[in-house]
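Derivation of every value follows stated rules applied to the coordinates shown; laboratory data play no part. The structure displayed is predicted, hence computed values, not measured ones. When we count neighbours, we look across all protein chains shown, and the Cβ atoms used for this are built from the backbone with ideal geometry, even at glycine.
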Amino acid sequence: MGGLASTRLRAADELPLLAVDDPVAKAVKYVEDAKKVKEAEGNTCANCSLYNGKDGSVQGPCQIIKGKAVKAAGWCNAWAPQM
Ligand code: SF4
C-alpha cells in the first residue's frame, strides 16, 4: 500500500519538464544547461536551495516553478545558495 505521501512523491517525480520558452521560465531566464550561461558561474539547479529534486536526479521540482520540473543541470536568475 503506497498511501497518500508516496503518491504525492511519485507525482512530484513525474512533473512535466518546464519548457524554456514558457513565460515562467523566461521571467527568470531559465536554461536547461547552466554551462551555457556565464551568469550561472558554475551553479546549477542541483545546488540551488529552491531545488527539491532528489540527490542525483536528472530533473525535479523547484519551489518557485509550480507544477513543472526543472533540469538538475539547469539554472535561472533566482538561483539561491544552500545554507
Ligand atoms: Fe533552478 Fe533554483 Fe532557478 Fe529553481 S530557482 S529553476 S532550482 S536555479
Taking Val24, is it loosely packed, with under 14 Cβ neighbours inside 10 Å, out of contact with any Ser or Thr (no Cβ under 9 Å at 6 or more places or on another chain) and hydrophobic (A, V, I, L, M, F, W, C)?
no
When both residues are 6+ apart or on different chains and their Cβ atoms are under 7 Å apart, which pairs have a first residue that lies in the range 49-65 and is without any contact (Cβ under 8 Å) to a residue 60 or more places away in the chain, and a second that is of a type in the set (Gly, Ala, Ser) and within 7 Å of the ligand (Cβ to nearest atom)?
Ser49/Ala80; Leu50/Ala78; Leu50/Ala80; Ile64/Ala78
Just for the range 62-71: of the residues that are more than 7 Å from the ligand (Cβ to nearest atom) and surrounded by 21 or more Cβ atoms within 10 Å (Cβ to Cβ), which one is nearest to Glu14 (Cα to Cα)?
Ala69
How many residues are in contact with a Phe, Trp or Tyr (Cβ under 8 Å, 6 or more places away or on another chain) and in a loop (DSSP other than H, G, I, E, B) when one looks only at the range 34-49?
3
